[in-house]
Structures are given as C-alpha cells and as structure tokens.
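Beneath this line is the structure, given in structure tokens, with notes to follow.
The values are calculated or read from the model by the stated rules, or taken from the named source; none is laboratory data. From a predicted model like this one, the values you see are computed outputs, not experimental measurements. All Cβ positions, even for glycine, are placed from backbone atoms using ideal geometry, and neighbour counts span all protein chains on display. Ligands, DNA and RNA are stripped out before the accessible areas are found, and what is left, the full protein with its side chains, is counted by its heavy atoms. Shrake-Rupley method; radii C 1.70, N 1.55, O 1.52, S 1.80 Å.
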Amino acid sequence: MDYIFQDETPTVGREADAYCTTCKTDTSHTIVTVFEGEIRSVQCSICNQSHSYRPPRGESDEEEELLEPMTVTRRRIAADLSWAEAVDGVDPAELPYYSVRETYEDRELFDHPRFGVGYVSALVGDTKLEAVFEDGKRMLVFNRADLPDSTPPKTLKDPNAPTGPTPEELEEAARLAAAEKEEAARQKAAEKAEVARLKAEEKEKAAKKKAAEREKAAKKKAAEKEKAAKKKAAEKERAAKKKAAEKEKAAKKKAAEQAKLAKQKEAKKKALEKERAAKRKTAEKLKSDRLKAAQKKAVEKEKAAKKKAAEQAKAAKLREAKKKAAERIRAAKQKAAEKAKAAKLKAAKKKAALKKKATKKKATKKKATKKKATKKKVAKKKATKKKVAKKKATKKKATKKKVAKKKVAKKKVAKKKATKKKVAKKKVAKKKATKKKVAKKKATKKKVAKKKARRKR
C-alpha cells in the first residue's frame, strides 16, 4: 500500500484544473507559484492570463467548498491538537479501518493497518489528506473509487491481534504502487507532450496574428501616405491662389498709399511756409524788446554806480574818525600801565626787607629746637632697647605654647584616624554579612522553584 503515500504535492510548471477569471469557466492552467505546498498563482492555457489560483467551480457551490484546499491558518489550528489528546479515551476496536475509497472529514478518527490509530488534521484537495499518528504526520490518499481497496473488513480483525498488514497485502500494495507509478509517469509524459503541442499551436497562432497585423499596418500606412500626398497637393494649390490674391491687394494698397503721401507732402510744405513766416515776425519782435531792455539796464547801472561812490566816501570818513578815537584810548592806557608798574616796584622792595628780618629770627629759633631734639632722640633709643628685650621674651613664650598645641592636635588626629578605620572595618563586615544573606535567600528561592517545577512535571 505504498501508493497511498506517494508525493503528489503541486510543483511549478505542472498543469492543474482551476477557474479562469477571464474565460469565466474551469480550464486547464499551468502552475506559476507554490507556497507551503499550496498553489498560489496559475496561467490559463487558453487565454494566457496569469491570476491567483481559484479551485474549479464544478456544478455547484457545495462541491467547490468541499474541493477547496485547507488554508494555512486552519492547518496551523489543526496542528495544535496532539495525537494523545485526539485519541484519549478512544477504543481502537470501535474505529473503522482506513480505506482509499472512503471519504473523511476534518478531525475524523480511523485505524490504519500499518500506522495504527490516527486522525485527520487537514484536507488537501479532494483526494489527499494529512493524518497524525503516534509516530508523526503522514499524507494519505482518499476518495479514490477508481483504486482497488485491499483493506480487510473490520469484522475480520482480531482486537487482541497486533495491527499491521499481512505479507499478501504488502505484495498487493507494492504491485499496485508500481502500477500507479508507471501510470503516473505515462500521464506526466502525455501532459508534457500536450503542453508542448499547445504551446506550439499558440506560437503559430501568435505568429499568424502578428503577420496579419503587420499586413494591416502596412496597408493603413500606404492609404495614409496617399491621403497625405493628396492633402499636400490641394494645400499647395490653395497657397498659390492665396499668394496671387495677396499680391494684387498689396499693389492696390501701394498705389493708394503713394497718392496719399503726395497730398500729405504738399500740405506739409504749406504748413512749413506759414510757420517760417510766423517765426520771422516773432524774432523781429524779440529783437526790439531786447534793445529796449538793454537801454533800461544801462540807465539803472549808472544810477547804481553813483550811489556806490557816495556810500564809499561816507564809509571812508567814518573810518578816519574811528582811528583817531582808538589812538587816544591807547595813549591813556599806556600812561595808566606805567603808573601801576612804579607802584609794584615800591611794594616789592618793602617785602624783600621784611623777609630778611623774618629769616634771621627763624635761624635763631631752629638752632634752639635742634638742641632739644637731640636730647629727646637719646631718651627714645634707650626706651626702644627695653621694648625689644621685652618682645623677645614674649616671643619665646608664644613659640613654646604653639609647639605644645601642635603636639596635642597631632594626638587628636591620630585618634580620629583610628576611629575611622574601625568604622570602615565594621561597614565592610556588615556588607559581607548582607551579601551572604542575599545569596542564601536566592539559593532557597531557586530550590523552591525547582521543587515546584518537579511537582508540575
């Protein structure tokens, strides 16, 4: 019964029946992509359109639902159920034997002659299913009425006898598997030949289509060229007629414009002559006006010159009078300055005599004060020597006191360092003790967790 487990997973390039969205019917398709053992996209062999895989519709929607392959999510949900959970509390003697010709549903239990009790985990198409046994998953064939059923009836099975096929059944299964393999190889060869033939026919059709399209295109181009040539000739004739008409119009326009220009020239000449005569009259008037204005200006200049001469004479007289007054003032100032100088000289002589008398008195006083100062300095020196001796004695006492204080301070520092070391040692000991306690707690927690895990197992 090896034919039951033969690999019929879809592969890229093989043919499969599917529903075509463009042809709107079930047709043969070529598989383009496969993912996790499922067909994802196909190409129709009739219209050559690629689309996602849709199972063949058949006669009704119920058949489509039955033939539709199981989705990935449904398969994962079915895989979550273990063999032990599915078979729990089931009597193998009450289960039916697995048969190639029978139909099965999802999660249905059965007894296999070789693998024992199993259940359907997923339906893959309409002739294959995925079954879960104690030793693992298997792909089985079902709903194949065309294959012979070598499974013995359930009534002949001894419930106490070990499950498994007889040697005769194994030979029959091997023979059937070999025959099926040969038939599958023939079908593959025939399918390949059919695909090649269809492809060749399609290529021929495509080539014929292309040739017909080329001929049509060439005919269209020739017709279009003829139409274009006719259009060009008609357009040239129209352009020539237009040019002739335009030339005639231009000649008439030129003649009319020349006549207009002649009239305009004559009118301009007359206007220029009138303008010249008017300009001459205006120029003569301007000349007469200018002469009158020049005469008026000459009279006014003479009057202005006379006024200036009189004003200048008055100014000269005023200047002479001012100079004389200034000279008188200067002479009076010089006299006053000379008198002030003489008075200052007399006062300076008197001050000098008084200063000499005062300096003599000061010199006598200084001599007397110097004698007194020398006596005081001698007394001060004696007093300073006594003070220095006293200071030296006080300094020696202060240095002795400082040395004693330093010794006391050093002893205090040594005591503080010793106390700090003791405190640090106590802190380190406390930390070590706390670490040991934490480690013990962790160890106890691990032991408790291990015990709980063992209990759960």
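Show me the helices (runs of 4 or more DSSP H) found entirely inside segment 32-99 where at least 1 residues are surrounded by 13 or more Cβ atoms within 10 Å (Cβ to Cβ) and modelled with pLDDT under 80.
Here the list reads 61-67, 72-79.
Could you say which residue among THR374, THR444 is free of Cβ contacts under 8 Å to residues at least 24 places away in the same chain, surrounded by 10 or more Cβ atoms within 10 Å (Cβ to Cβ) and part of a helix (DSSP H, G or I)? Working first, answer last.
Numbers: THR374 fails: surrounded by 10 or more Cβ atoms within 10 Å (Cβ to Cβ).
On inspection, the qualifying residue turns out to be THR444.
If LEU140 satisfies every condition in (1) part of a loop (DSSP other than H, G, I, E, B); (2) at pLDDT 85 or above; (3) within 58 Å of the chain's Cα centre (by Cα) but one, which is the exception?
In the conditions (1) part of a loop (DSSP other than H, G, I, E, B); (2) at pLDDT 85 or above; (3) within 58 Å of the chain's Cα centre (by Cα), LEU140 misses (1) alone.
Before we move on, is VAL403 under 60 Å from the mean Cα position of the chain (by Cα) and either polar (S, T, N, Q) or assigned to a helix (DSSP H, G or I) (or both)? Break it down stepwise before answering.
Values: under 60 Å from the mean Cα position of the chain (by Cα): no; either polar (S, T, N, Q) or assigned to a helix (DSSP H, G or I) (or both): yes.
The answer is no for VAL403.
Condition check: modelled with pLDDT under 85 and in a helix (DSSP H, G or I). Does ALA343 satisfy that?
Answer is yes for this residue.
Determine the pairs where a residue that is free of Cβ contacts under 8 Å to residues at least 24 places away in the same chain, located within segment 177-190, has a partner that is surrounded by 13 or more Cβ atoms within 10 Å (Cβ to Cβ) and not aromatic (Phe, Trp, Tyr) with Cβ atoms under 9 Å apart, the partner being 6 or more residues away or on another chain.
From segment 177-190, the pairs are ALA178/ASP2; LYS188/ARG14.
Among all residue pairs at least 6 apart or on different chains, which show Cβ distances below 7 Å where the first residue, located in segment 15-26, is of a type in the set (Ser, Thr, Tyr) and the second is assigned to a loop (DSSP other than H, G, I, E, B)?
Cβ pairs passing all conditions: TYR19/ARG54; TYR19/PRO55; TYR19/PRO56; TYR19/ARG57; THR22/CYS47; THR22/GLN49.
Give me the residue from segment 185-241 that is under 30 Å from SER28 (Cα atoms) and acidic (Asp, Glu) and, out of that set, least open to solvent (accessible area, probe 1.4 Å).
Ranking the qualifying residues of segment 185-241, first place goes to GLU202.
Scan segment 163-181 and tell me whether some residue there is of a type in the set (S, T, N, Q), closer than 27 Å to HIS112 by Cβ, open to solvent by 70 Å² or more (accessible area, probe 1.4 Å) and at pLDDT below 80.
Of segment 163-181, the ones of a type in the set (S, T, N, Q) are 163, 166.
Now drop any that are not closer than 27 Å to HIS112 by Cβ, which leaves 163, 166.
Now restrict to residues that are open to solvent by 70 Å² or more (accessible area, probe 1.4 Å): 163.
If we keep only those that are at pLDDT below 80 as well, we get 163.
Yes, the conditions are met somewhere in segment 163-181.
May I ask you to list the residues in segment 95-111 that are under 22 Å from GLU172 (Cβ atoms) and without any contact (Cβ under 8 Å) to a residue 24 or more places away in the chain?
Going residue by residue through segment 95-111, those that are under 22 Å from GLU172 (Cβ atoms) are 96-102, 110-111.
Of everything in segment 95-111, just one residue is under 22 Å from GLU172 (Cβ atoms) and without any contact (Cβ under 8 Å) to a residue 24 or more places away in the chain, namely PHE110.
Which one of these is at pLDDT 85 or above, on the phi < 0 side of the Ramachandran plot and of a type in the set (Ser, Thr, Tyr): THR394, THR444?
Unique residue meeting the criteria: THR444.
Take THR155 and decide whether it is at pLDDT 80 or above and open to solvent by 60 Å² or more (accessible area, probe 1.4 Å). Please lay out each step first, then the result.
On the way: at pLDDT 80 or above: no; open to solvent by 60 Å² or more (accessible area, probe 1.4 Å): yes.
For THR155, the condition - at pLDDT 80 or above and open to solvent by 60 Å² or more (accessible area, probe 1.4 Å) - is not met.
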